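Trainee: Once you've had a glance at the structure underneath, I'll fire off some questions.
The values are calculated or read from the model by the stated rules, or taken from the named source; none is laboratory data. Since this is a predicted model, take the numbers as computed values, not measurements. For neighbour counting, all protein chains shown are included, and Cβ atoms are generated from backbone atoms with ideal geometry for every residue, glycine included.
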Amino acid sequence: MRAGALLLTPGAGSDRNHSSLVAIERALAPLPVARIDFPYRKAGRRAPDRAPILLDCVREEAAALAAAAHVRPPRIVLGGRSMGGRMCSMAVAAGLPAAGLVLISYPLHPPAKPDSLRVEHLPAITVPCLFIHGTRDPFGSPAELEHHTASIGAPVTHVWVDGKGHDLKGADTFIADTVSTWVRARR
């Protein structure tokens, strides 16, 4: 399915104005891009809501973007940083239509807890996926990510940011260019 718009979600500790999300939106112009905040951020809270609330937010915002951009829901690429990307992947695995997933610093497991995996839903994903990940990310090594994403039933692209951790600090331009190239290849 051709990409007609992009929905971007922040990680648990940031908001819609995270520098990499802003850079991605600029790199994709004039493609419609919506950078969203989750309900807990809109309410001024720091602690994330539980997954069902976050997933409802992704569904509602994807529908709103489809309407605003005048595209069918299956033409929207969903994604974001860390927890936000994970919520998008879970929503798609549960049936939310999408043209693809952009997952930046996917939190495969909590730091120092490699047995607490967050991968149960990955085999249910059937859309192309782009994973952008630091080679020193404590939420999952490149080898761990490659191993677990092999269960995804669609093309998976891994892009490694050498020497970077979970925050991918200083890599906004690289991230934006990578996402732009990947999304534009689906247009």
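Matching residues to (1) within 19 Å of PRO48 (Cα to Cα); (2) part of a loop (DSSP other than H, G, I, E, B):
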| site | (1), (2) |
| --- | --- |
| LEU108 | yes, yes |
| PRO123 | no, no |
| PHE131 | no, no |
| SER151 | no, yes |
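Trainee: Let me ask you something else. Taking into account only those residues within region 26-57 that are of a type in the set (D, E, K, R) and farther than 21 Å from LEU96 by Cβ, which is surrounded by the most Cβ atoms within 10 Å (Cβ to Cβ)?
Mentor: Ranking the candidates gives ARG26 first.
Trainee: Do we have VAL159 as at negative phi, touching a strand residue (DSSP E or B) at 6+ places or on another chain (Cβ under 9 Å), surrounded by 14 or more Cβ atoms within 10 Å (Cβ to Cβ) and assigned to a loop (DSSP other than H, G, I, E, B) here?
Mentor: no
Trainee: Another question, then. Return yes when ALA143 is over 26 Å from ARG184 (Cα atoms), assigned to a helix (DSSP H, G or I) and aliphatic (A, V, I, L, M) and no when it is not.
Mentor: Working: over 26 Å from ARG184 (Cα atoms): yes; assigned to a helix (DSSP H, G or I): yes; aliphatic (A, V, I, L, M): yes.
So ALA143 passes the test.
Trainee: Yes or no: VAL77 under 17 Å from HIS133 (Cα atoms) and of a type in the set (Val, Ile, Thr)?
Mentor: The answer is no for VAL77.
Trainee: So which residues in region 10-27 are touching a Leu at 6+ places or on another chain (Cβ under 8 Å) and among the hydroxyl-bearing types (Ser, Thr, Tyr)?
Mentor: Correct list: SER20 only.
Trainee: Under 6 Å by Cβ, and 6 or more places apart or on different chains, what pairs join a residue from region 140-153 that is modelled with pLDDT of 95 or more with one that is in a helix (DSSP H, G or I) and of a type outside the set (A, V, I, L, M)?
Mentor: SER151/PRO123
Trainee: Here's something else I'd like to know. So in region 88-119, with the set limited to residues that are in contact with a Ser or Thr (Cβ under 6 Å, 6 or more places away or on another chain) and surrounded by fewer than 24 Cβ atoms within 10 Å (Cβ to Cβ), which one is nearest to ARG2 (Cα to Cα)?
Mentor: PRO107
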